[in-house]
């Protein structure tokens, strides 16, 4: 592990998962190194809470959001040139950051342009083989071309395929020497309060799909008397009326979130990889996974966890049939 280095770390701002999974890595590296964080308005929500003492530099946001109608793959294709401009901008910005802060090491979590020709650059991803249907070959070709700019690729998963949390996503790849660093989670099993929760709704991901799911789940929750915790993953005002048996939490810290997940009987959540790593860390097996519509990675992970770990999978369009 590195010592006496000035390390610049920046995660992708597609939801909060990339930022949260960087937390344990940052904590470990900060013991013997100086850490500087690259943040956007979204990832700042996590890092202001977790690392108020660390220097932070605003970098170009990717600003990816879902559409109510368009599949995510089509949306990304329509935004290809805009995203490519962001990648170019962040690469230019990194050169200035490295020069001004005397950076020794750059760690990018899925930000494609954060590499530097004169500084060791590491890329973190769990998607060595992107699942994108008929666009898989094209998507992987583009992704692999960017990964070649980095000195190393770190995969937050087990190297042993029998233990893998991401299946083919993290293993079926032509990358010659990937480094498996094991699952990353900022959560720890630490119960401080004796409470009972029947269901925990764990909401995450870009808008407007996060709000769409929130509204649908609240409609279901208001029809039952089960005790429910609602982790919203945002600090925006809750506009949907909730009854007294539902307790909302906007952006709980890691300790509170760990308690809520540990004490909940059943977790209802998206099948984003960072969320699944948290479930694995806290040994939660009663899961109802709702992949984001047209998000092929989440659809793959949901089905993989259904087969391998016994999770229940419900599409967003089947939610009206869900009974608590």
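The values are calculated or read from the model by the stated rules, or taken from the named source; none is laboratory data. Please read all numbers here as calculations on a predicted model, not as lab measurements. A quick note on method: Cβ atoms are made from the backbone with ideal geometry, for glycine too, and the neighbour counts reach across all protein chains shown.
Observations
- Residue within the range 190-201 that is over 16 Å from the mean Cα position of the chain (by Cα) and farther than 30 Å from residue 323 by Cβ present: yes
- Qualifying positions in the range 155-190 - buried (at least 21 other Cβ atoms within 10 Å of the Cβ) and not in a loop (DSSP other than H, G, I, E, B): 155, 169, 170
- Enumeration of residues in the range 275-298 that are under 16 Å from the mean Cα position of the chain (by Cα) and without any contact (Cβ under 8 Å) to a residue 60 or more places away in the chain: 279, 289, 291, 298
- Segments classed as strands (runs of 3 or more DSSP E), wholly inside the range 209-289, with at least 2 members that are farther than 26 Å from residue 24 by Cα and touching a helix residue (DSSP H, G or I) at 6+ places or on another chain (Cβ under 6 Å): none
- Test result for residue 263, surrounded by 22 or more Cβ atoms within 10 Å (Cβ to Cβ) and in contact (Cβ under 8 Å) with a residue 40 or more places away in the chain: no
- Restricted to the range 91-103, and to residues there that are surrounded by 17 or more Cβ atoms within 10 Å (Cβ to Cβ) and in contact (Cβ under 8 Å) with a residue 60 or more places away in the chain, the residue that is nearest to the chain's Cα centre (by Cα) is 94.
- Output for the range 304-319, where each listed residue is touching a residue at least 60 places away in the same chain (Cβ under 8 Å), under 11 Å from residue 216 (Cα atoms) and more than 20 Å from the chain's Cα centre (by Cα): 319
- Residue-level check: of (1) under 23 Å from residue 221 (Cβ atoms); (2) within 19 Å of the chain's Cα centre (by Cα); (3) in a helix (DSSP H, G or I), residue 301 misses just (1).
- Scanning the range 211-232 for residues that are in contact (Cβ under 8 Å) with a residue 60 or more places away in the chain, in contact with a strand residue (DSSP E or B) (Cβ under 8 Å, 6 or more places away or on another chain) and under 19 Å from residue 291 (Cβ atoms) turns up just one, 217.
- Residue in the range 55-70 that is outside the structural domain of residue 272 (by TED's automatic domain parsing) and part of a helix (DSSP H, G or I) present: no
- Only a single criterion out of (1) in a helix (DSSP H, G or I); (2) at pLDDT below 90 is not satisfied by residue 206, namely (1).
- Complete set of residues in the range 304-313 that are outside any helix (DSSP H, G or I) and buried (at least 16 other Cβ atoms within 10 Å of the Cβ): 311, 313
- Scanning the range 17-45 for residues that are within 20 Å of residue 209 (Cβ to Cβ) and surrounded by fewer than 23 Cβ atoms within 10 Å (Cβ to Cβ) returns 40, 41, 42, 45.
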